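The values are calculated or read from the model by the stated rules, or taken from the named source; none is laboratory data. No experiment lies behind these values; they were computed from the predicted model shown. Glycine gets a Cβ as well: all are built from the backbone with ideal geometry, and neighbour counts include every protein chain shown.
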Amino acid sequence: MERLAFNFYRSYYEIALELPDDDRLVFLMAIFEMQFNGNEPTDLKGMAKFAFKSQRHSLIKQLEGYKSGKNGGRPPKGTPNGNHKGSETIPPKGTPNQEKGEEKGEVQEKEKEKDKVEVELEKCKIIALKDDKWKRLAKTNETELDAFNDHLILIGTDKKVPIDYKRHFVNWKKQKPEILNKFNNQNRDDSW
């Protein structure tokens with residue numbers, strides 16, 4: 001079946017406006033030829049060639065999308081059940097074909113379990129310091145984490161799950177700002 005329409009982007013229009021009349025016509029006809037007939041022009045010259053090359057990627061992506069039925073388009077006729085290259089159907093739960101899905105679920109569960117393993121406080125501190133986003137949100141540094149580790153050791157904790165360590169630190173920092181101020185001031189005095 002012939003292609004009936006395609007998206008004519010504003011970038012095509014704006015480039016066409018910059019071209020002299022003769023080159024503009026050649027450029028626009030090259031777009032139409034490619035989109036409606038699938039033929040990429042090989043005989044373009046001068047500014048028309050330059051203009052076409054600047055839009056080539058966009059034109060090819062549109063044509064590929066049309067041919068594969070992606071991006072909201074109906075799959076091409078003759079494709080069984082509308083399935084086409086790149087689509088993946090998920091079988092119902094409990095079917096033998098669901099093994100791949102179960103394996104993915106198992107991997108995710110193992111990842112979750114790995115996140116629940118307790119590690120030494122120093123290791124927790126290293127993990128926290130490597131998490132730049134968390135450090136920024138918690139507005140913290142290594143000195144404050146050292147003070148927090150000292151606090152944990154004093155209360156008899158020598159291991160923690162890293163995610164719990166981070167949460168605990170944030171709560172502790174909110175509740176005990178005077179301890180951190182004292183610790184920061186002490187370290188500042190030692191450095192002089």
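You will find that of E14, E40, E33, the residue that is of a type in the set (D, E) and surrounded by fewer than 11 Cβ atoms within 10 Å (Cβ to Cβ) is E14 and no other. Taking the conditions exactly as written (of a type outside the set (D, E, K, R), part of a helix (DSSP H, G or I) and modelled with pLDDT under 90), does Y12 satisfy them or not? So Y12 fails the test.
Restricting to segment 45-70, give me the number of residues that are surrounded by 18 or more Cβ atoms within 10 Å (Cβ to Cβ) and either at pLDDT 90 or above or of a type in the set (D, E, K, R) (or both). Total meeting the criteria: 5.
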